[in-house]
1. Just checking, does segment 96-104 include any residue being crowded, with 18+ Cβ neighbours inside 10 Å and among the polar types (S, T, N, Q)?
2. Would you tally the residues in segment 201-221 being at pLDDT 95 or above, more than 9 Å from ligand 1 (Cβ to nearest atom) and open to solvent by less than 10 Å² (accessible area, probe 1.4 Å)?
3. Would you mind finding the one in Met338, Met354 that is farther than 23 Å from Arg63 by Cβ and aliphatic (A, V, I, L, M)?
4. Quick check on this structure: which one of Gly143, Gly126 is at positive phi, more than 16 Å from ligand 2 (Cβ to nearest atom) and free of Cβ contacts under 8 Å to residues at least 60 places away in the same chain?
5. Cβ contacts < 7 Å: first residue closer than 13 Å to Val228 by Cα and charged (D, E, K, R), restricted to segment 193-210; second residue within 16 Å of ligand 2 (Cβ to nearest atom) and open to solvent by less than 40 Å² (accessible area, probe 1.4 Å), any location; separation 6+ or different chain. Result?
6. Filter segment 150-166 for residues that are of a type outside the set (A, V, I, L, M) and either crowded, with 21+ Cβ neighbours inside 10 Å or touching a Ser or Thr at 6+ places or on another chain (Cβ under 8 Å) (or both) and give the result.
7. Of the conditions (1) touching a residue at least 60 places away in the same chain (Cβ under 8 Å); (2) crowded, with 22+ Cβ neighbours inside 10 Å, Gly138 fails just one. Which one is it?
8. Among the residues of segment 283-300 satisfying the criterion of being farther than 17 Å from Thr379 by Cβ and polar (S, T, N, Q), which is surrounded by the most Cβ atoms within 10 Å (Cβ to Cβ)?
Amino acid sequence: MARIVMKFGGTSMAGIERIRHVADLVKREADRGNQVAVVVSAMAGETDRLVQLCREAASLYDRREYDVVVASGEQVTSGLLAITLQGMGVNARSYMGWQLPIHTSTAHAAALIDRIDAKVLEKIFGDGGVAVIPGFQGVTEEGHVTTLGRGGSDTSAVAIAAAVKADRCDIYTDVDGVYTTDPRIVPRARKLPIVTYEEMLELASVGAKVLQTRSVGLAMRENMPIQVLSSFDDRPGTMVVGDDAIEDKTMERQLITGIAYDKNEARITLTELPDRPGTVAAIFTPLAEANVNVDMIVQSTPRAGERADLTFTVPKAALAHTTDVLEKIKDEIGYQDMLANTNVCKVSVVGVGMRTNAGVAAQMFQALAARGINILAITTSEIKVTVLIDEEYTELAVRVLHTAYGLDAEEDAAE
Ligand code: ADP
Ligand code: ASP
Ligand code: MG
């Protein structure tokens, strides 16, 4: 007998027919004698719809109320799955985040899970029941509903798996594993049978949204094996595990694991900033206090006595809050103009092999230059290189890089 947390994404939960199929998969696992807890997403498109409604209500919406609105999508699907399972004779019951409870921080719209009380779940396992838990949501100590950031159901699933010491966490989605890049834009992407937490963490953090970044970080800390697989076919998926779990140590690891892109960033430029100590701190401190995650940062180096420009990226969803904060501190900082551009995309090349191989970045810049793609900003880490480009070149850039690093499969992934 194994203890398994099964998580189903939005496409798998999109409508009663699909929920019935999910129920079949859950029942099959329970009939094998396994203890099962299920975490579900809202129906595909539902969270986008709810976010849009908040924006229409007020562009600078209150984040606590936003959480009340967007958490509702998962409440619906968890109830529907519990009803469907009951109809199949499975002893299933839904438990909201506040019922378990899943305690989180007060950072509304991007809350962090503090702890999960496993008592309720242990009791359900003991009684042979199946708990159906809405992903994405939790509750503060004061009892307010929170959400964990977009894609957060993956993190809910891994956190619950860790809390109940599950044998593994199965993430069912609409692709049958983790690929060298998004198989929807590169049909020649290759499925990776196994990938380390470290590689997956980097891929996810730069846009491979097949797993939410935080879920991978958590799995790594808890050493929780994740299996990514499709709810639409029975093919083996991708195992995301620790380096020590990869048996074939002599295996020739690919120099580059994959290519990722992220269209959810916006670029902000502040012009003519005073070139003195404390300017950058005076900009980023209030943004941090407003819970805005700043990513790429580029500052021009002015000549003595001149002023500097500062460019950085923030999530598109945080753009209105960011410009609001920056407008309020304009006089204090003393910049000339604030320019915002949402038509940008981050493209990244990731691979642990970069540590020991020079020239990966140069190869990337050459491949993009050969196609006339201009680079707006660059950041690097030990195992990744990221560039910011015009959004219209995203697909072209990803395909060109996928080929340049020798990642193309013989046949299309779609076949
Ligand atoms: P879910 O609703 O199940 O959580 P998501 O849409 O969040 O699903 O994530 C699955 C999607 O991730 C796929 O449909 C695919 O387009 C995208 N994706 C991006 N990069 C990758 C990758 N490297 N491997 C697999 N899928 C990827
Ligand atoms: N429904 C939420 C979202 O779309 C959470 C998730 O699906 O993981 O972001
Ligand atoms: Mg997802």
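1. Just the residues of segment 96-104 that are crowded, with 18+ Cβ neighbours inside 10 Å, to begin with: 96-97, 100-104.
When the remaining residues are screened for being among the polar types (S, T, N, Q), the result is 104.
The answer is yes, given that some residue of segment 96-104 is crowded, with 18+ Cβ neighbours inside 10 Å and among the polar types (S, T, N, Q).
2. Counting residues in segment 201-221 that are at pLDDT 95 or above, more than 9 Å from ligand 1 (Cβ to nearest atom) and open to solvent by less than 10 Å² (accessible area, probe 1.4 Å) gives 3.
3. On the way: Met338 fails: farther than 23 Å from Arg63 by Cβ.
On inspection, the qualifying residue turns out to be Met354.
4. Working: Gly126 fails: at positive phi.
Criteria check complete, one pass: Gly143.
5. Filtered contacts from segment 193-210: no entries.
6. Kept after step one, since they are of a type outside the set (A, V, I, L, M), are these residues of segment 150-166: 150-156, 165.
Across segment 150-166, the qualifying residues are Arg150, Gly151, Gly152, Ser153, Asp154, Thr155, Ser156.
7. In the conditions (1) touching a residue at least 60 places away in the same chain (Cβ under 8 Å); (2) crowded, with 22+ Cβ neighbours inside 10 Å, Gly138 misses (1) alone.
8. Step one: list which residues in segment 283-300 are farther than 17 Å from Thr379 by Cβ, which gives 283, 285-292.
Okay, now just the ones that are also polar (S, T, N, Q), so 285, 291.
Details: Thr285: 12, Asn291: 14.
By that ranking, first place goes to Asn291.
The values are calculated or read from the model by the stated rules, or taken from the named source; none is laboratory data. If you're wondering where the values come from, they're calculated on a predicted model, not measured in any experiment. Cβ coordinates were reconstructed from backbone atoms using ideal geometry, including for glycine residues, and neighbour counts include every protein chain displayed. All accessible areas refer to the heavy atoms of the entire protein, side chains included, with ligands and DNA or RNA removed. Shrake-Rupley method; radii C 1.70, N 1.55, O 1.52, S 1.80 Å.
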